[in-house]
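What follows is a short report on a single structure.
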Amino acid sequence: MGHVTTESFPEKPVIAILASIPLGRLLDEFSEKDHRILPWIFALFHALARQQNYGYDIHWITLSKLVSKPECRHINGQTLHIIPQGSIALDLLTMHLRPSLQIRKLLDSIRPSLVHVWGVEESYAMACKNFKGKKLLSYQGALTAYCERAPQVFLFRMQAFLERLAVKHYGQITCESPWAVDRVREIAPDSDVSLMEYGVEESFFHLDRTPSDTPSCFFGGTIYELKGISYLVEAFRHPDLAHVQLYIAGKGSLTAALKAESTPNIHWLGAVSRETLQQHLSSAWCLVHPTLGDNSPNIVKEARVMGLPVITTEEGGQTQYVKDGESGYIIPIRDSAAIREAVLKLTHDRETALNMGCQGRQECRALLNVNRTVEGCLTRYRTMLNSDF
């Protein structure tokens with residue numbers, strides 16, 4: 001009698017990805033409550049849905065205030081674990097103890113071959129810092145650097161303290177700008193830090209520029225000192241820029257004080273929808289981003305892929321998208337006169353603004369394609385899973 005044999009298949013490598021996930025884009029019941037985009041996370045999720053091409057068992061882990069108890073969903077061949085998120089302030093003051101315990105328990109149950117953590121602002125990096133297996137951190141904030149460049153509230157400083165505790169435990173770290181690479185090396189000198197762009201949401205690639213008939217500039221971001229917003233307002237209060245309109249989108253601690261001293265050419269929009277943001281970017285002659293330090297601000301990346309010239313400072317990762325005098329101007333920090341001079345040059349006439357925006361646009365579009373981010377992740381997964389470190 002012949003022997004019956006069964007073919008055995010090797011187990012798939014388990015990858016746990018911990019990130020703030022745009023649940024509204026993945027699950028219908030959250031669509032009205034979660035409007036976040038996070039294009040690189042969304043694109044990676046859908047790329048891994050074709051996991052038969054990669055052979056991985058994918059587990060996503062996310063914290064959310066939209067659930068009251070842990071939930072587990074199976075979507076497109078992947079497992080999504082949603083953990084209730086409590087008070088962020090309490091989590092910071094307890095060094096993320098509660099969510100860390102929940103995350104570690106979950107990791108013990110799924111036993112990942114590789115852990116990929118996105119960001120240092122929430123609990124994920126602290127929760128996984130002592131994970132003994134292979135782990136990858138994709139750095140998003142630069143919290144310690146921000147505290148060094150502008151005053152921050154206590155909880156932000158606490159986040160920066162925890163950033164320094166966590167980051168040094170990761171041997172493999174990705175950053176989205178050379179500036180961020182340098183900042184990480186300051187706090188984690190022994191880590192292997194590499195550059196990986198986090199791409200731009202697809203809709204920005206399809207926007208047409210329709211600059212307004214009269215000169216206008218746009219700023220989008222948090223209204224606080226780190227963004228250099230007070231120097232921007234000071235520049236536009238000068239009589240030389242009275243004919244140029246400035247539209248400011250965002251909210252923050254400096255809004256009331258700066259609004260009170262604004263001139264009629266400065267318009268405060270508050271928090272705006274993505275559609276309104278895109279309309280203002282389309283009609284603006286340029287984006288002005290006078291930051292005191294930034295990792296790689298989305299607003300600059302979005303402006304550049306749609307062909308908008310940018311005036312920004314020399315401090316931050318956004319400088320890699322702007323060539324001084326060609327696709328915008330790079331100026332010193334804390335210099336309202338330099339802002340004013342750059343705006344006058346760029347708004348001299350409509351054609352200048354259009355032509356400068358076209359310079360380097362294709363390079364930025366190639367660099368900031370979200371599929372490039374996905375491939376960067378997949379390449380690192382393959383390399384790390386096949387390595388002995």
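For region 89-100, give me each residue that is in a helix (DSSP H, G or I), in contact (Cβ under 8 Å) with a residue 24 or more places away in the chain and surrounded by fewer than 19 Cβ atoms within 10 Å (Cβ to Cβ).
First pass over region 89-100, keeping only residues in a helix (DSSP H, G or I): 89-93, 97-100.
Then drop every residue that is not in contact (Cβ under 8 Å) with a residue 24 or more places away in the chain, which leaves 89, 91-93, 99-100.
Within region 89-100, ALA89, LEU93 meet the criteria.
Looking only at region 131-147, count every residue that is under 20 Å from the mean Cα position of the chain (by Cα), in contact (Cβ under 8 Å) with a residue 40 or more places away in the chain and not in a loop (DSSP other than H, G, I, E, B) and tell me the total.
The total comes to 5.
Can you tell me which residue within region 130-151, out of those that are among the polar types (S, T, N, Q) and at pLDDT 95 or above, is farthest from TYR224 (Cα to Cα)? Before the answer, list the steps.
Of the residues in region 130-151, the ones among the polar types (S, T, N, Q) are 130, 138, 140, 144.
Within this subset, residues satisfying the condition of being at pLDDT 95 or above are 130, 138, 144.
Numbers: ASN130: 35, SER138: 25, THR144: 16 Å.
If we take residues in region 130-151 being among the polar types (S, T, N, Q) and at pLDDT 95 or above, then ASN130 is farthest from TYR224 (Cα to Cα).
Based on this model, can you work out whether ASN76 counts as under 22 Å from GLU29 (Cβ atoms) and loosely packed, with under 15 Cβ neighbours inside 10 Å? Lay out the reasoning, then the answer.
Working: under 22 Å from GLU29 (Cβ atoms): yes; loosely packed, with under 15 Cβ neighbours inside 10 Å: yes.
Considered against the rule, which asks whether it is under 22 Å from GLU29 (Cβ atoms) and loosely packed, with under 15 Cβ neighbours inside 10 Å, ASN76 comes out as yes.
Keeping to region 67-88, report how many residues are part of a loop (DSSP other than H, G, I, E, B) and out of contact with any strand residue (DSSP E or B) (no Cβ under 8 Å at 6 or more places or on another chain). Break it down stepwise before answering.
The initial filter retains those residues of region 67-88 that are part of a loop (DSSP other than H, G, I, E, B), namely 67-70, 76-77, 85-87.
Subsequent filtering for residues that are out of contact with any strand residue (DSSP E or B) (no Cβ under 8 Å at 6 or more places or on another chain) retains 76, 86-87.
Of the residues in region 67-88, 3 are part of a loop (DSSP other than H, G, I, E, B) and out of contact with any strand residue (DSSP E or B) (no Cβ under 8 Å at 6 or more places or on another chain).
Might you check whether a residue that is polar (S, T, N, Q), under 27 Å from ILE88 (Cα atoms) and at pLDDT 95 or above occurs anywhere in region 152-171? Show your work before the answer.
Of region 152-171, the ones polar (S, T, N, Q) are 152, 159.
Subsequent filtering for residues that are under 27 Å from ILE88 (Cα atoms) retains 152, 159.
Restricting the remaining residues to those that are at pLDDT 95 or above gives 152, 159.
Within region 152-171 (the criterion being polar (S, T, N, Q), under 27 Å from ILE88 (Cα atoms) and at pLDDT 95 or above), the answer is yes, since at least one residue qualifies.
Could you grab me the full set of residues in region 22-68 that are under 22 Å from LEU385 (Cβ atoms) and either surrounded by 20 or more Cβ atoms within 10 Å (Cβ to Cβ) or of a type in the set (Asp, Glu) (or both)? Lay out the reasoning, then the answer.
Taking region 22-68 first, the residues under 22 Å from LEU385 (Cβ atoms) are 40-41, 43-61.
Answer for region 22-68, where residues must be under 22 Å from LEU385 (Cβ atoms) and either surrounded by 20 or more Cβ atoms within 10 Å (Cβ to Cβ) or of a type in the set (Asp, Glu) (or both): TRP40, ILE41, ALA43, LEU44, PHE45, LEU48, TYR56, ASP57, ILE58, HIS59, TRP60, ILE61.
Could you go through region 63-72 and let me know if any residue there is within 23 Å of GLY133 (Cα to Cα), in contact with a Phe, Trp or Tyr (Cβ under 6 Å, 6 or more places away or on another chain) and at pLDDT 90 or above.
Of the residues in region 63-72, the ones within 23 Å of GLY133 (Cα to Cα) are 63.
Narrowing the set further to residues that are in contact with a Phe, Trp or Tyr (Cβ under 6 Å, 6 or more places away or on another chain) leaves none.
The answer is no, given that none of the residues of region 63-72 is within 23 Å of GLY133 (Cα to Cα), in contact with a Phe, Trp or Tyr (Cβ under 6 Å, 6 or more places away or on another chain) and at pLDDT 90 or above.
Residue by residue, here is whether (1) farther than 30 Å from ARG237 by Cβ; (2) touching a Lys or Arg at 6+ places or on another chain (Cβ under 9 Å); (3) not assigned by TED's automatic domain parsing to the domain that holds PHE218 holds:
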{"position": "ARG274", "(1), (2), (3)": "no, no, no"}
{"position": "GLY293", "(1), (2), (3)": "no, yes, no"}
{"position": "ASN298", "(1), (2), (3)": "no, no, no"}
{"position": "THR312", "(1), (2), (3)": "no, no, no"}
{"position": "THR373", "(1), (2), (3)": "yes, no, yes"}
{"position": "LEU378", "(1), (2), (3)": "yes, no, yes"}
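Just wondering, is there one or more residues in region 294-305 that are under 30 Å from LEU378 (Cα atoms), among the basic types (Lys, Arg) and at pLDDT 95 or above? Please lay out each step first, then the result.
Step one: filter region 294-305 for residues under 30 Å from LEU378 (Cα atoms), giving 294-305.
After this cut, where a residue has to be among the basic types (Lys, Arg) as well, the list is 301, 304.
In the following step, the residues that additionally are at pLDDT 95 or above were identified as 301, 304.
Yes, that holds for at least one residue.
Evaluate region 91-103: report whether one residue or more is more than 21 Å from THR379 (Cα to Cα) and touching a His at 6+ places or on another chain (Cβ under 6 Å).
Filtering region 91-103 for residues more than 21 Å from THR379 (Cα to Cα) gives 91-103.
Retained after the next criterion (residues that are touching a His at 6+ places or on another chain (Cβ under 6 Å)): none.
No, region 91-103 contains no residue that is more than 21 Å from THR379 (Cα to Cα) and touching a His at 6+ places or on another chain (Cβ under 6 Å).
Could you please find all residues in region 203-225 being touching a strand residue (DSSP E or B) at 6+ places or on another chain (Cβ under 9 Å) and within 26 Å of THR379 (Cβ to Cβ)?
Within region 203-225, just PHE205 meets the criteria.
The values are calculated or read from the model by the stated rules, or taken from the named source; none is laboratory data. These numbers were taken from a predicted model, which means no experiment stands behind them. Every residue, glycine among them, receives a Cβ derived from its backbone with ideal geometry; neighbour counts consider all protein chains shown.
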